[in-house]
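**Student:** Structure in structure tokens, see below.
The values are calculated or read from the model by the stated rules, or taken from the named source; none is laboratory data. Model, not experiment: these values are computed from the prediction. Virtual Cβ from ideal backbone geometry, glycine too; neighbours counted across all protein chains shown. Calculation scope for accessible area: heavy atoms of the full protein, side chains included, ligands and nucleic acids excluded. Shrake-Rupley method; radii C 1.70, N 1.55, O 1.52, S 1.80 Å.
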Amino acid sequence: MRVSRAGHPRLPRRRDGVCCTPIRSAAVQQHRQIAQFTELTPKAKIASETHGWRAKCLQRLVRLEMPVPQTVALPFDTVRAIAAGNLPDTAGLLAHFGEGQLVSVRPSSENPDWGGPGTILNIGMNESRRAALAKVHGAEAATALYMHFVQLYSTHVARLDPDLFEPAPPSEAALARALAAYEAEMDESFPQDPAQQLTEVLRSMARAWEGTSARLLRQAKGAPAEAGLGLVVQAMALGVGSGNSGSGVIQFADSTTGQPQVTGRFQAQVQGRVSVREGGGALYLTRDPRGPSLEELAPEVFARLMEYGKCARAGLREEMQIEFTLEDGKLWVLDAVKMPRASRAAVRIAVALAEDGIISREEAVVRVEPAALSELLHPQVDPAARRDPVARGIGASPGAAQGRIVFTSAAAQASAARGEPCILVRRETTPEDIRGMHAASAVLTERGGMTSHAAVIGRGLGLPCVVGASGLRIDAHAGKVVAGDGRSFREGDLITIDATRGEVLAGAAALLEPALDDAFRLLLSWADAFRDIGVRANADTPADARLARGFEAEGIGLCRTEHMFFEEDRLTVMREMIFADTSEDRRAALDRLLPMQRADFTRLFGIMQGLPVCIRLFDPPLHEFLPHGREGLRNLADALDRPLSEIIRRAEALAEFNPMLGMRGVRLGITLPEIYDMQARAIFEATVEASRNGAPIVPEIMIPLVSAKREVEIVKARIDAVAASVRMELGADFDYRLGVMVETPRAALRAGEIAQHASFLSFGTNDLTQMTYGLSRDDAGRFMHTYVQRGVFTEDPFHILDVDGVGEFLLIAAERGRKARADLTLSICGEHGGNPESIEFCRKAGFDYVSCSSFRVPVARLAAAQLALREKGMPSPRTRPLPLR
Ligand code: PEP
Ligand code: MG
């Protein structure tokens, strides 16, 4: 069928493609001219901001001379007017397409991610059109077209129950059933007037866009409250009927990997994407041993599609998926969308476009959402590892993790506070579990599917997550979970979650670190060239340091040395040190810890190969190293060869009401100076040793939880003394930098005088948030959800930096510190350091670097580069749906 491009006498068409159409107000039934629609000619004035991305994209295809059926775009204003009841002259609009022409309507919001109502095809179908089409294409094709329309209209426009319109093979009887179902539900027969059909379609789409849930959904994806919807009305290319007819989609890269590869389907005698997805008997596109292909059946069509793919990629500067229809052998391009893609593919595609000179490197860098990278960054179970599967579910968020079972969010938080990886095992998760999920290494639920709470949140957090493991029986009260084979696991037992495969394994299976491919590395190397703030990693152990290097962190910004003491062989010595009665005894225990610490630091320096390593002196309250429960204390009494009563008495004496505000951080350094002396010696001896094998190392030593200048003076004097003795004893010279962690409000306020003794300040925003709010890091989870839900806090301030309050302390300290010492290095090392929002804040405040966990380093590198590029005028990916010029 030829698609008519004839204008209608009532609609004077301007040369730029703009047609003026009156809009009829339903309320007053008066004709008022309040808007326009625009035909998509090459020169028509179409913009994403006024007509939406689809209209703009289709116009580009027209400009590229692709065979797009006649299309008319309705701008946002017109659609808003329709939603308000000012209905357009749809008869005039249809007349513009020509007598008897069927049309489709598709949504066209400014950004494709913001969604929109579903496409409606075959508008204009009625009994008389059916009869007319039957003469040309046969009765079966005409019935199929009508039935498809009745189903779409009934469920999307009249909003009838889809169960009443189950897809059935088109036949007279099935059509009659669908029409009868419509009539029974609506108390009127199916509308036959094409203009009325189109009016109702436009009205229902316009209203659907204004609905509360659609609004909330798109706002969650970054849409502004006033985001508009455009609509495109397109002449139907039928896809059913005589000759070689059908519909298909084609794309030219793999959606998972992004590697070049033609994929898609074509199905004869069907319409639209839905039929292509659902129908059986689809053809492969390229030659395939499994069955016939479009390439073999219609080689010239296939060759043209390949040509169009190349053309669209270069012209639209994006990897596209093309929707096409064959109508009696004639190829039509109906639509093209940005090819759907997983994160790995997004990276490869952006890099390939830049490598092919289609987009710039800057553009490639801004096109990849930083958060999407985290999906690529997770460990996987080693394929060679011994697997002991106990349950299967849906792998809802990729990656793998090992940890001890916990059944509650509170237990997950406690476990994380102890530095022990845990797996949160729940029947299903609810919003109250968010903090527990933040704390866990992986999540396992008995119920739920790909869109359950656990799945959605897990993906958002980049947390390995298996949901719907229905073979498990979780009894949180009894603290156990029973597998299908009868094995039972208790709280504290080790398991492995392989969320890539959707499996739960008993014990700790060997994990492989993420394999970051060339495209990922190349993109980040480009990002580094645009970035103007440093990115370091928080890394405590040699394994962490190796990971940090793998992610190309520019050094270690925070090494929490206490994590080195939790290993079994050190813990007993540590406890001996804690229980020492005299300074000599304490020193004797520390002398045993010294070689272990020295070896740790030597290895760290070796791995980091001359990159800066910032070592934080011991921070936690000592009671954290003591065993819990009577049994543990008895074992300790045995190990230390002391009476149990004494162990209990000493343990009680170490207990504090509010340990986070008690004897920890520099307060330990002042009261038990031997600990810091030992650590400083270990750092300096390791410095000398590691410097022998390469360039001189300049260690950075950081004092935690400072609140007064005098604390820094006292600790500095002792560390200087230790440095002097090591220099003398080893006959070697070295430098070191001493810095202060700003974690208390007072340290922020007094940063000017503190900076006199510190060459760097690093903001520990975890403690600083705790102290600024007077909010316990460990207990806030109990009410945080309510607070956020009720809008008391916009976000959990332990997750997203509170720029108004905590941020003000950062700015005050930065300003006062830099005034006292112009060359002062400033950084952030709290959990906020990896968040793009915090990086933006720190960058604006002139910080030198951010430090975050190794897995967030790539995200931080990319986010930092995007911030710098945005400042130079590159739009952010959120506001850049499709690169259409
Ligand atoms: C902080 O308080 O922000 C910090 C990095 O230290 P920690 O989390 O070890 O207390
Ligand atoms: Mg801290």
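**Student:** Tell me what the chain gives for mean residue ellipticity at 222 nm when only DSSP H runs of n ≥ 4 count, each as -39,500 (n - 2.57), the sum divided by the residue total, rounded to 500 deg cm²/dmol. Write out the running numbers ahead of the final one.
**Tutor:** Working: 34 runs with 371 residues, N = 885.
Helix-only estimate at 222 nm: -12500 deg cm²/dmol.
**Student:** Take the alpha carbon gyration tensor of region 379-512, find the square roots of its eigenvalues, order them as a ≥ b ≥ c, and report rounded if a/c is under 1.5; if not, report prolate when a/b exceeds b/c, else oblate. Intermediate results must be reported in sequence, preceding the final value.
**Tutor:** Working: a/c = 1.18, a/b = 1.12, b/c = 1.06.
Note, shape of region 379-512 comes out rounded.
**Student:** Using 0.36 nm per residue of separation minus the Cα-Cα distance, give me the extension gain between residue 749 and residue 773 in nm, one decimal. Working shown, then result.
**Tutor:** Numbers: separation 24, 0.36 × 24 = 8.64 nm, distance 1.56 nm.
Length gained, residue 749 through residue 773: 7.1 nm.
**Student:** Check residue 336: other-chain or 5+ apart residues with amide H under 5 Å from its amide H, H built from backbone geometry?
**Tutor:** Long-range HN contacts for residue 336: 323.
**Student:** Within region 99-114, what residues put their amide N at less than 19 Å from the label point 7 Å along the Cα-to-Cβ vector of residue 221?
**Tutor:** Under cut-off, by backbone N: 105-114.
**Student:** Once R0 is set to 60 Å, what does the formula 1/(1 + (r/R0)^6) return for the Cβ-Cβ distance between residue 756 and residue 47, expressed as a FRET efficiency to the nearest 0.05?
**Tutor:** It comes out at approximately 0.60.
**Student:** How much accessible area per residue does region 379-512 have, in Å², with a 1.4 Å probe?
**Tutor:** 41
**Student:** What whole-number distance in Å separates the alpha-carbon centres of region 528-598 and region 622-666?
**Tutor:** 22
**Student:** What part of the accessible area of region 246-341, given as a whole %, is carbon or sulfur when the probe is 1.4 angstrom?
**Tutor:** Values: 2260 of 4070 Å².
That share works out to 55 percent.
**Student:** Also, I was wondering about something else. Rounded to the nearest 0.05, what FRET efficiency do residue 820 and residue 848 give with R0 = 25 Å and r taken as the Cβ-Cβ distance? Could you check? Don't skip to the answer; put the middle values down first.
**Tutor:** Numbers: r = 16 Å, r/R0 = 0.65.
With R0 = 25 Å, the Cβ-Cβ based efficiency is 0.95.
**Student:** Then there is this: Any chance you could look up the accessible area of residue 493 with a 1.4 Å probe, heavy atoms only, rounded to 10 Å²?
**Tutor:** 60
**Student:** When only DSSP loop residues count, what GluC sites (Glu not before Pro) in region 151-245 have their Cβ near at most 16 other Cβ atoms within 10 Å?
**Tutor:** 188, 226
**Student:** Okay, moving on. How high is the relative contact order of region 246-341, in percent, counting Cα pairs under 8 Å that sit 6 or more residues apart?
**Tutor:** Once divided by the residue count of region 246-341, the mean separation gives 28 percent.
**Student:** May I ask you to derive the relative contact order of region 135-189, considering only C-alpha pairs under 8 Å and at least 6 residues apart, and to give it as an integer percent?
**Tutor:** Relative contact order for region 135-189 comes out at 35 percent.
**Student:** Sticking with this one: At R0 = 25 Å, how high is the FRET efficiency between residue 655 and residue 493 if r is their beta carbon distance? Nearest 0.05 is fine. Intermediate values should be presented prior to the final figure.
**Tutor:** Values: r = 29 Å, r/R0 = 1.14.
With R0 = 25 Å, the Cβ-Cβ based efficiency is 0.30.
**Student:** Something else: Rounded if a/c is under 1.5, else prolate if a/b is larger than b/c, else oblate: which is the chain, with a ≥ b ≥ c the root eigenvalues of its Cα gyration tensor?
**Tutor:** Cα axes put the chain in the prolate bin.
**Student:** For the residue pair residue 99 and residue 161, what label-to-label distance in nm results when each label sits 7 Å from Cα along the Cα-to-beta-carbon direction?
**Tutor:** If labels sit at residue 99 and residue 161, their model points lie 4.3 nm apart.
**Student:** Expected output is a single nm value to one decimal: the length gained when fully extending between residue 648 and residue 259, i.e. 0.36 nm times separation in residues minus the C-alpha distance. What is it?
**Tutor:** Taking residue 648 through residue 259 to full extension adds about 133.7 nm, to one decimal.
**Student:** I need the phi-derived Karplus couplings for region 298-312: 6.51 cos²θ - 1.76 cosθ + 1.60, θ = phi - 60°, integer Hz, Gly and Pro marked x.
**Tutor:** 9, x, 6, 4, 4, 4, 5, 4, 4, 4, 4, x, 4, 5, 5
**Student:** Can you order the peptides 129-136, 653-660 by their average number of other Cβ atoms within 10 Å per residue, highest first?
**Tutor:** The densest-packed peptide leads the list: 129-136, 653-660.
**Student:** On the accessible surface of region 434-581, probed at 1.4 Å, how many percent belong to carbon and sulfur atoms? Please list the in-between numbers first.
**Tutor:** Values: 2840 of 5580 Å².
Of all accessible area on region 434-581, carbon and sulfur atoms account for 51 percent.
**Student:** How far apart, in nanometres, would the label points at residue 168 and residue 388 be if each is projected 7 angstrom from Cα along the Cα-to-Cβ direction?
**Tutor:** With each label placed 7 Å out from Cα toward Cβ, I get 5.5 nm.
**Student:** Rounded if a/c is under 1.5, else prolate if a/b is larger than b/c, else oblate: which is region 204-263, with a ≥ b ≥ c the root eigenvalues of its Cα gyration tensor? Let's see the in-between values first.
**Tutor:** Numbers: a/c = 3.74, a/b = 1.41, b/c = 2.66.
Verdict is oblate for region 204-263.
**Student:** Let me ask another. Only Cα pairs under 8 Å and at least 6 apart count here; give the relative contact order of the chain as a rounded whole percent.
**Tutor:** Details: 1851 pairs, mean separation 81.2, N = 885.
Relative contact order of the chain: 9 percent.
**Student:** Between region 291-328 and region 673-713, what's the alpha-carbon centroid distance in Å?
**Tutor:** 64
**Student:** Let me ask something else about it. What do you get for trypsin sites (Lys or Arg not before Pro) in region 787-844 restricted to DSSP loop and a cutoff of at most 16 other Cβ within 10 Å of the site's Cβ?
**Tutor:** 790
**Student:** Something else: For residue 670 and residue 475, calculate 0.36 nm times their separation in residues minus their Cα-Cα distance, and state this gained length in nm to one decimal.
**Tutor:** Here the segment from residue 670 to residue 475 would lengthen by 65.4 nm.
**Student:** A further question follows. Report for the chain the percent antiparallel among DSSP-assigned beta bridges with both residues inside it, nearest 5.
**Tutor:** Once the DSSP bridges in the chain are tallied, antiparallel ones form about 65 percent.
**Student:** Angle between the Cα long axis of helix 518-530 and the longest principal axis of the chain, 0 to 90 degrees, nearest 10?
**Tutor:** 70
**Student:** Now for a different question. With the other protein chains left in place, how much accessible area per residue, in square angstrom, belongs to region 246-341 at a 1.4 angstrom probe?
**Tutor:** It amounts to 42 Å² per residue over region 246-341.
**Student:** For region 572-581, take each phi angle, set θ = phi - 60°, evaluate the Karplus expression 6.51 cos²θ - 1.76 cosθ + 1.60, and give the result in whole Hz per residue in order, putting x for glycine and proline.
**Tutor:** 5, 5, 4, 5, 4, 4, 5, 8, 4, 8
**Student:** With unit charges on the beta carbon (Lys/Arg positive, Asp/Glu negative), name the residue among 835, 52, 805 whose Cα is farthest towards the positive pole of the charge dipole of the chain.
**Tutor:** The residue sitting most towards the positive pole is 52.
**Student:** Mind ordering 384-390, 357-363 by average Cβ neighbours within 10 Å, highest first?
**Tutor:** 357-363, 384-390
**Student:** Tally Lys/Arg at +1 and Asp/Glu at -1 over every other residue whose Cβ is under 11 Å from the Cβ of residue 829; what's the total?
**Tutor:** Neighbourhood net charge equals 0.
**Student:** Rank these residues by their accessible area, most exposed first, probe 1.4 Å: 477, 51.
**Tutor:** Ranked list, largest accessible area first: 477, 51.
**Student:** Another question, if that's okay. With a cut-off of at most 14 other beta carbons within 10 Å, and DSSP calling the residue loop, which GluC sites (Glu not before Pro) in region 769-849 qualify? Please list them.
**Tutor:** 795
**Student:** Tell me, how many Å apart are the Cα centres for region 762-815 and for region 823-844?
**Tutor:** Answer, in whole Å: 15.
**Student:** Still on this structure: Which order do peptides 751-759, 549-557, 306-314 fall in by mean Cβ count within 10 Å, highest first?
**Tutor:** 549-557, 751-759, 306-314
**Student:** Now a separate question. In region 696-789, what percent of the accessible surface is made up of carbon and sulfur (1.4 Å probe, ligands and nucleic acids excluded)?
**Tutor:** Of all accessible area on region 696-789, carbon and sulfur atoms account for 51 percent.
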